[in-house]
Amino acid sequence: MTTIQPTAPRDTTDMRELGCTGLAREIRARAASGAAELAESGTTPGLAVVVATDDESSAWYVRSIARAAGKAGIDCRTVDLGAGAEPERIRATLERLSADESVHGIILQTPLPTGARFEDLASAIDPRKDVDGANPVSLGNLAAGLPAHPPATAAAVLTLLDHHEIELAGRNCVVVGRSNVVGKPVAQLMLQRDATVTICHRYTPDLTAFTPDADVLVVAVGKPGLITDKHVREDAIVVDVGTTPTADGGLLGDVDPSVRVAGLTPVPGGVGPVTTALLLEHTVQSAIRAAREARHRAGSPPRTGSEQR
Ligand SMILES: Nc1nc(=O)c2c([nH]1)NC[C@@H]1CN(c3ccc(C(=O)N[C@@H](CCC(=O)O)C(=O)O)cc3)C=[N+]21
């Protein structure tokens with residue numbers, strides 16, 4: 001008779017918690033100082049948050065955006081159309097906000113009511129105001145290496161990795177999840193950084209065929225406990241994008257708490273707060289650009305030769 005040997009517990013001494021303390025605050029401060037500068041010339045950055053869901057994670061995010069925007073001097077307007085809103089109504093709202101000069105950033109919250117397709121509706125967001133990279137034009141520009149705002153969550157993943165000085169060039173990166181809001185744009189951003197990128201999703205029969213190859217693993221699925229020790233090497237860096245609310249008001253990531261790796265982003269306190277901060281920063285950047293374009297239209301002096309391209 002064979003006895004089953006318990007697997008040796010992994011050494012937990014040098015696991016790094018890759019948190020966002022300091023980083024999110026720094027980005028929010030940058031957004032606030034940009035907003036303050038704009039205020040001197042009479043512009044208040046405006047952010048419109050369009051909601052057509054009663055999803056709890058989304059509701060939390062919307063409140064958090066409104067709170068942080070207020071503190072940063074950004075005028076945040078939540079347009080709640082209700083969970084059963086018709087796609088035509090959502091589209092008309094996005095078109096109206098796209099034409100509204102006091103609005104510099106627009107975010108359409110996911111999930112959407114059944115029957116509404118995110119990609120279809122997001123095409124109604126003016127790409128210049130697309131601060132959450134939702135318009136397929138933004139995703140296309142991103143894939144082509146042209147300027148575009150990436151979705152704030154995708155940008156947060158890269159910003160957090162940079163903050164902790166995680167190298168991506170030449171490394172194996174595995175992304176679990178292929179949403180247009182996270183998985184696909186994260187993969188594009190990692191590709192731009194010269195990583196070898198694999199994308200796994202719900203039709204991947206066995207994640208363990210791919211995830212143990214990851215030097216850097218990004219998980220954006222929304223299934224608590226999906227990733228366990230068997231999925232990752234001990235020397236891997238893991239970014240947990242999942243935020244599933246629990247009945248008692250807590251928040252669960254996609255990575256099982258028992259997982260021991262070289263570095264793990266915590267939930268809460270990891271990607272989430274950086275996401276909110278970057279959304280504000282994208283909005284301020286968009287407002288700065290709009291103000292600059294308005295000055296040019298008003299007939300400012302022509303640019304000097306060295307500035308022309
Ligand atoms: N178009 C679109 N873009 C999104 O980026 C998007 C969306 N729709 N729909 C909803 C989800 C959810 N989401 C979160 C962002 C930050 C936190 C966050 O900051 N959470 C805190 C803590 C929350 C708590 O303590 O309850 C943290 O992780 O530390 C959570 C969730 C963005 N989403």
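Estimated purely from DSSP H runs of n ≥ 4, each contributing -39500 (n - 2.57), the mean residue ellipticity at 222 nm for the chain is -11500 deg cm²/dmol once divided by its residues.
Note on A92 and D162: the extension gain reaches 21.4 nm, defined as 0.36 nm multiplied by sequence separation minus the Cα-Cα distance. Qualifying trypsin sites (Lys or Arg not before Pro) in the range 56-143, where qualification requires a DSSP coil assignment and no more than 10 other C-beta atoms within 10 Å, comprise R117. The alpha carbons of the range 153-272 give a radius of gyration and a Dmax of 13.0, 42 Å, in that order.
Solvent-accessible area of the range 153-272 (1.4 angstrom probe, protein heavy atoms only): carbon and sulfur portion equals 50 percent. The gain in end-to-end length when the D194 to A59 segment is fully stretched comes to 45.0 nm, 0.36 nm per residue minus the alpha carbon separation.
Spin-label point model (7 Å from Cα, Cβ direction): what's the R16 to A291 distance in nm? For the pair R16/A291, the computed spacing is 3.7 nm. Projected onto their three principal axes, the Cα atoms of the chain cover extents of 86, 51, 33 Å, largest first.
Can you tally the net charge around R28? Count Lys and Arg as +1, Asp and Glu as -1, for every other residue whose Cβ sits under 12 Å from the Cβ of R28.
Details: positive: R25, R30, R67, K71; negative: E26, E281.
Residues near R28 contribute +2 overall.
Might you report the magnitude of the Cβ-based charge dipole of the range 218-285 about its Cα centre, with Lys and Arg at +1 and Asp and Glu at -1, to the nearest 20 debye?
So the dipole magnitude of the range 218-285 works out to roughly 100 debye.
Each other residue within a Cβ distance under 15 Å of P151 adds +1 if Lys or Arg and -1 if Asp or Glu, for a net charge of -1.
Report, in whole Å, the centroid distance computed from the Cα atoms of the range 173-231 and the range 26-71. The two parts, judged by their Cα centres, are 29 Å apart.
Cβ neighbours within 10 Å, averaged per peptide: list 186-194, 34-42 in order, most packed at the top.
186-194, 34-42
Of the GluC sites (Glu not before Pro) in the range 73-110, the ones in a loop by DSSP (not H, G, I, E or B) with at most 16 other beta carbons within 10 Å are E101. Distance between the modelled labels on S123 and V79, one decimal in nanometres: 1.9 nm (7 Å Cα→Cβ projection). Here the range 260-280 is scanned for amide nitrogen atoms under 11 Å from the site 7 Å beyond the Cα of K71 along Cα-to-Cβ, giving 277. Surface composition of the range 1-136: carbon plus sulfur atoms contribute 50% of the solvent-accessible area (1.4 Å probe, protein chains only, all chains present). Think of the chain as a dipole: +1 on every Lys or Arg Cβ, -1 on every Asp or Glu Cβ, centred on the Cα centre; then among T244, P113, G34, G34 lies furthest on the positive end. Pulled fully out, how much extra length does the chain show between S258 and T246, if you take 0.36 nm times their separation in residues and subtract their Cα-Cα distance? In short, 2.5 nm is gained. Both the radius of gyration and Dmax for the range 64-127 are 12.4, 36 Å, in that order, over alpha-carbon atoms. Its Cα centre serving as origin, the chain has a Cβ charge dipole (Lys and Arg +1, Asp and Glu -1) of approximately 680 debye. Near V267: Cβ cut-off under 14 Å, other residues only, Lys/Arg at +1 and Asp/Glu at -1. The net charge is -3. Average accessible surface for the range 166-309: 49 Å² per residue, computed with a 1.4 Å probe over protein heavy atoms with every protein chain in place.
In this calculation the C-beta distance from K230 to E101 is compared with R0 = 51 Å, giving a FRET efficiency of 0.40.
The values are calculated or read from the model by the stated rules, or taken from the named source; none is laboratory data. The structure displayed is predicted, hence computed values, not measured ones. Positions of Cβ are generated from backbone atoms using ideal geometry, with glycine treated the same way; all protein chains shown enter the neighbour counts. Surface accessibility is based on the protein's heavy atoms, side chains included, excluding ligands, DNA and RNA. Shrake-Rupley method; radii C 1.70, N 1.55, O 1.52, S 1.80 Å.
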